[in-house]
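The values are calculated or read from the model by the stated rules, or taken from the named source; none is laboratory data. From a predicted model like this one, the values you see are computed outputs, not experimental measurements. Here the Cβ positions follow ideal geometry from the backbone for every residue, glycine too, while neighbour counts run over all protein chains shown.
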């Protein structure tokens, strides 16, 4: 079985999680190892599944996405965190960057850019890259 890139999706909106799952299915090397609808579940799944990448919303019940981001980066600096949010204000982008986010995309205008971040990982980490 070929290697896969393990990804955790943390988003409180079920329709957005479903849309992400559909988008990620375009990359056959990506394996969604967990889906969380709140910050506590996101952290529990992160520690249980040890994904290589996390797609994370900022506004979630429990610890918000920025706090989840901080805890993920405190545990694993190499885990790639992609923030996908509806917040466009520069202060949110700045707070996420300070907390260690690798990518920051807006849901309404940059949704598909999530694939760019994951494709970067696939190209550098998996044998044969995304075309394999």
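Any idea which of 57, 12 is more than 24 Å from residue 124 (Cβ to Cβ), free of Cβ contacts under 8 Å to residues at least 60 places away in the same chain and under 11 Å from the mean Cα position of the chain (by Cα)? Break it down stepwise before answering.
On the way: 12 fails: under 11 Å from the mean Cα position of the chain (by Cα).
One residue alone meets the criteria, 57.
Conditions (1) under 12 Å from the mean Cα position of the chain (by Cα); (2) in contact (Cβ under 8 Å) with a residue 12 or more places away in the chain, marked per residue:
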| site | (1), (2) |
| --- | --- |
| 85 | yes, yes |
| 95 | no, yes |
| 98 | no, no |
| 101 | yes, yes |
| 109 | no, no |
| 113 | yes, no |
| 119 | no, yes |
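Quick one: residue 12 ticks every box in (1) buried (at least 18 other Cβ atoms within 10 Å of the Cβ); (2) outside any loop (DSSP other than H, G, I, E, B) except a single one, so which number is it?
Failing condition for residue 12: (2).
Give, as residue ranges, the strands (runs of 3 or more DSSP E) completely inside segment 19-131 that count at least 2 residues that are touching a helix residue (DSSP H, G or I) at 6+ places or on another chain (Cβ under 8 Å) and within 12 Å of residue 8 (Cα to Cα). Talk me through it step by step, then tell me what you get.
Details: elements: 30-36, 53-56, 80-85, 103-106.
Answer list for segment 19-131: 30-36, 53-56, 80-85.
Under 9 Å between Cβ atoms, which residue pairs at least 6 apart in sequence (or on different chains) link something in segment 29-47 that is touching a residue at least 60 places away in the same chain (Cβ under 8 Å) with a partner that is part of a loop (DSSP other than H, G, I, E, B)?
29/2; 29/3; 29/4; 29/126; 29/128; 29/132; 30/4
Consider residue 42 carefully, then state whether it is touching a strand residue (DSSP E or B) at 6+ places or on another chain (Cβ under 9 Å), within 19 Å of residue 85 (Cα to Cα) and at pLDDT below 95.
no
Please verify whether residue 80 is under 21 Å from residue 5 (Cβ atoms) and crowded, with 24+ Cβ neighbours inside 10 Å, treating the condition exactly as stated.
Against the criterion (under 21 Å from residue 5 (Cβ atoms) and crowded, with 24+ Cβ neighbours inside 10 Å), residue 80 does not qualify.
What pairs can you find where one residue is in segment 16-27 and touching a residue at least 12 places away in the same chain (Cβ under 8 Å) and at negative phi, the other is surrounded by 17 or more Cβ atoms within 10 Å (Cβ to Cβ) and in a loop (DSSP other than H, G, I, E, B), and their Cβ atoms are less than 8 Å apart, with a gap of 6+ or different chains?
Pairs found: 16/57; 17/11; 17/37; 20/11.
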